[in-house]
1. Looking at region B:1-45, which of the residues that are assigned to a loop (DSSP other than H, G, I, E, B) and either acidic (Asp, Glu) or without any contact (Cβ under 8 Å) to a residue 24 or more places away in the chain (or both) is surrounded by the fewest Cβ atoms within 10 Å (Cβ to Cβ)?
2. For B:Ser139, only one of the following conditions fails: (1) at the interface with chain A (Cβ under 7 Å from one of its Cβ atoms); (2) surrounded by 24 or more Cβ atoms within 10 Å (Cβ to Cβ). What is its number?
3. Answer with yes or no whether C:Ala179 is touching a strand residue (DSSP E or B) at 6+ places or on another chain (Cβ under 8 Å), over 21 Å from C:Leu243 (Cα atoms) and either of a type in the set (S, T, N, Q) or touching a residue at least 60 places away in the same chain (Cβ under 8 Å) (or both).
4. Looking at region A:79-93, is at least one residue more than 14 Å from every other protein chain (Cβ to nearest Cβ) and at positive phi?
5. With (1) crowded, with 19+ Cβ neighbours inside 10 Å; (2) facing another protein chain (nearest Cβ under 9 Å); (3) of a type outside the set (Lys, Arg) as the list, and B:Met127 as the residue in question, which single condition is left unmet?
6. Given the condition modelled with pLDDT of 95 or more, under 25 Å from C:Met157 (Cα atoms) and charged (D, E, K, R), answer yes or no: does some residue in region C:10-28 qualify?
7. Show me the helices (runs of 4 or more DSSP H) entirely contained within region A:165-254 in which 2 or more residues are hydroxyl-bearing (Ser, Thr, Tyr) and either within 14 Å of chain B (Cβ to nearest Cβ) or surrounded by 24 or more Cβ atoms within 10 Å (Cβ to Cβ) (or both).
8. List every residue pair whose Cβ atoms sit under 8 Å apart, with the two residues 6 or more apart in sequence or on different chains, where the first one lies in region A:232-254 and is farther than 14 Å from A:Val182 by Cβ and the second, anywhere, is among the aromatic types (Phe, Trp, Tyr) and outside any loop (DSSP other than H, G, I, E, B).
4 protein chains.
Amino acid sequence: MKPVCLVIGAGAGIGGSVAKRFAKEGYHSVLCRRSDDEGLKKLVSSIKADGGEATGYLLNAIKENTIEERIEQIESEIGPIEVVLFNLGAQVGNKPLEETTYKIFELGWRMATFALFRTASAVCPLMETRGKGTVLVTSSTAAVRGNAGQHSHAAAMGGRRMLCQSLNAQYAPKGIHIAHIVIDGAVDAPDTLGKILGPEKFQKLRENKGLDKDGLMLPTKIADTYLHLHQQHRSVWTHELDLRAFSDLAWWNH
Amino acid sequence: MKPVCLVIGAGAGIGGSVAKRFAKEGYHSVLCRRSDDEGLKKLVSSIKADGGEATGYLLNAIKENTIEERIEQIESEIGPIEVVLFNLGAQVGNKPLEETTYKIFELGWRMATFALFRTASAVCPLMETRGKGTVLVTSSTAAVRGNAGQHSHAAAMGGRRMLCQSLNAQYAPKGIHIAHIVIDGAVDAPDTLGKILGPEKFQKLRENKGLDKDGLMLPTKIADTYLHLHQQHRSVWTHELDLRAFSDLAWWNH
Amino acid sequence: MKPVCLVIGAGAGIGGSVAKRFAKEGYHSVLCRRSDDEGLKKLVSSIKADGGEATGYLLNAIKENTIEERIEQIESEIGPIEVVLFNLGAQVGNKPLEETTYKIFELGWRMATFALFRTASAVCPLMETRGKGTVLVTSSTAAVRGNAGQHSHAAAMGGRRMLCQSLNAQYAPKGIHIAHIVIDGAVDAPDTLGKILGPEKFQKLRENKGLDKDGLMLPTKIADTYLHLHQQHRSVWTHELDLRAFSDLAWWNH
Amino acid sequence: MKPVCLVIGAGAGIGGSVAKRFAKEGYHSVLCRRSDDEGLKKLVSSIKADGGEATGYLLNAIKENTIEERIEQIESEIGPIEVVLFNLGAQVGNKPLEETTYKIFELGWRMATFALFRTASAVCPLMETRGKGTVLVTSSTAAVRGNAGQHSHAAAMGGRRMLCQSLNAQYAPKGIHIAHIVIDGAVDAPDTLGKILGPEKFQKLRENKGLDKDGLMLPTKIADTYLHLHQQHRSVWTHELDLRAFSDLAWWNH
């Protein structure tokens, strides 16, 4: 029975690429995403076509018990979860305070902070009994800097970051590696950035910054770093790091 | 009609002291707290006895519409809110993950993050039309550093900090001063620390660290800095600062 | 005998304004600056004309023993130094690496980091024997964020910030208040910004951002906050805070 | 002609391990260290015994022109420097201010800050003309937090960190990857920690924390992460990350 790499938020960007990468390393990748069954099946199939093991589920992370039950089912039917990638974003675009409804604000928290807390609550005790495990948390610039129009996103991500530090303080000594990864730039991800921008603008961006210019962050390359974090020897763990395209300014420079 | 200083979270510590301090400066202080009507009346009376103006309300900040309606009523019946002190904490003591229930975690967010968002949503647009205002936010070490057992508190406070930065980015240019105040130590506050520790332990702590030793942060002295922040000229505003007793280590040193 | 407020770097901006402000509070202000004897005399005279006590010295801070001997002389002839404002900058304008000579880089360190270390070495032990004292350190955005072209400035200021934390860790428990003040914007200071820009550009800037627009930081208003820091009760000391004009973006937002 | 990996500060800890690791990847490793010719030769021999290429030099980094001339000679005689590891520390043990002499303080800066500036000044322009290169900078907790007794170390490392950010801002867009690596714990390194503690204490520490307990950071494992940083695709570069043993508290937690 292969160990499981569970990806919560498995679109065609970071989530899907990490699932592929870990499947290649011998993990059974479990891909969960809210919608687009077709896209999900395509990802699962492509992993299998490469000789890997994968299972896909639609999962509405903000609904009660969805994450908890899924984790239980995976543990009993697929295998022990050795790696979790928590990859849900909460970006809603820039909105001034007066357009940020209570509903948006709460949703941001439910997705970016509370869903991570629920995931950790379900999975960390299991990892603790096994004496090992890795929780990779995709995060963003908004976790370290609040900008105008980012009320919901920044509050949710700031909470996520501090939660990660708190989880790390409790669980690192138990052998569980918690990593908070600050994605500080635009990712070449059709399912997230592509949808926010729309197909036309996204295509233009790819032509201007991406492709041979490497100005958009390539999810397959991000996956290399995620894998490395998981593979770090326990005497040298990284808790936080940033990632951005070489041609981009770091968040503290703009 | 005096301008109003609204204190959300007005116990016998920072909140009550700031209310008194601003009343002395000519503000009508409105003190809101969840419970202890008697304590509230005592604070209001003592302000009046000093020749100040004050009104007190019991307010359950996590209940729907309580903050919003109170702000509306104050604006129409008492006066324009020029200063808000958001002073709700979300400390629940140290709890490992397995003892931090979903309810506790959500409550932390509702009090420390969402209630601030609701307060800002109600009050910032009013301040914007008047071209001025001050939002003072009491925060804590947990906003900048997540510790073991602080899952709920750190997530809530981390969210609060990023929200403050986001509010500042939108509203500072409109003349609204947002200040995020990191209280990095134990406050000599019977209504919060006193209740967490119990009367005996609290008394012991006061004898060991407080009183003539100044090892506990004195709320009346904290209030001096809050007032100073409000009085800063708009060409030289502080967004973030830390406060601790001279004899305490800064959070980054322990 | 009045207690002394020693200002190292006393131009017509922050340094001079703080000297004036403390003189008004009953301190004997000692103003030290590298050059412009006339400007120095004008500052001293204006303090005296207001009824304050002041002495001025030209002091080349990067020369051996200058600071040390001056402190010794002040202590024996004028009075005990209760407050030091270390206000030397090390801004050399933006220079790419290839134009940042070793000499520039070393000079930056000598002025911004080493001169503070020398000052602290001379003054902190004296303050320690008296059980009190305040060391106010003017710092800048470059202390918390390195930007292109800021190689010398950022290295010097980053060193300054960490030195302040280290001084604070040793001396706060001894009753010495060390404050690191991040000036995050342009100051309306003819002796520094004025000289960097030249009179014409400086005048334009004042017309566009300053004057009634409060977009340049007013040194007299900065002095209010410096005084407040000094007056904070020892149970509630601030070690670090930022300051900027309301209309400016915080450094983390641009 | 193999590309060169230049290690400045190549003891039997991080420096030597990185040299070995890169030699295995096909680089000609050039190892520079101040003293212990025998230790240096042993490192070089062991790399060669493994089939790698290596050259060793004694180099006094604080002496004028030593780094600059060495880089010139390497470029003309060995090959283009593609990777630099700047690995000089400046730890002098804990010393209160009164025992931190000017000489110590200056030495700290010369080794930890200025020598990096000199290295970057010599090597970055060369890398820029080639459109690529990696500068890995070993740093420490003292770069992000000043502690009592760390006056020299913290000032030097704080300067180093800001210099790295400044270098990154100028050179990342030119294809040069600058990484600032915060070593936040004790490294199992006989040449540094071993010498600070003395053989007996070091042996005890290894028995208590290291060996099968992985409580000391293993240099060979650190080298894996250094290599990964160098191998990151330019669309996803990390500028800063931390590293510590799983059983250690992060610097912000103690």
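1. Taking region B:1-45 as the starting set, the residues that turn out to be assigned to a loop (DSSP other than H, G, I, E, B) are B:1-3, B:9-13, B:25-27, B:34-36.
Now restrict to residues that are either acidic (Asp, Glu) or without any contact (Cβ under 8 Å) to a residue 24 or more places away in the chain (or both): B:25, B:35-36.
Details: B:Glu25: 15, B:Ser35: 12, B:Asp36: 14.
In this case the residue turns out to be B:Ser35.
2. (1)
3. For C:Ala179, the condition - touching a strand residue (DSSP E or B) at 6+ places or on another chain (Cβ under 8 Å), over 21 Å from C:Leu243 (Cα atoms) and either of a type in the set (S, T, N, Q) or touching a residue at least 60 places away in the same chain (Cβ under 8 Å) (or both) - is not met.
4. yes
5. (2)
6. No, that holds for no residue.
7. Working: elements: A:193-197, A:199-209, A:219-231.
Hits in region A:165-254: A:219-231.
8. Hits for this filter: A:Phe246/D:Trp237.
The values are calculated or read from the model by the stated rules, or taken from the named source; none is laboratory data. Computed from a predicted model, the values in this text were never measured in an experiment. Cβ: placed from backbone, ideal geometry, glycine included. Neighbour counts: every protein chain shown.
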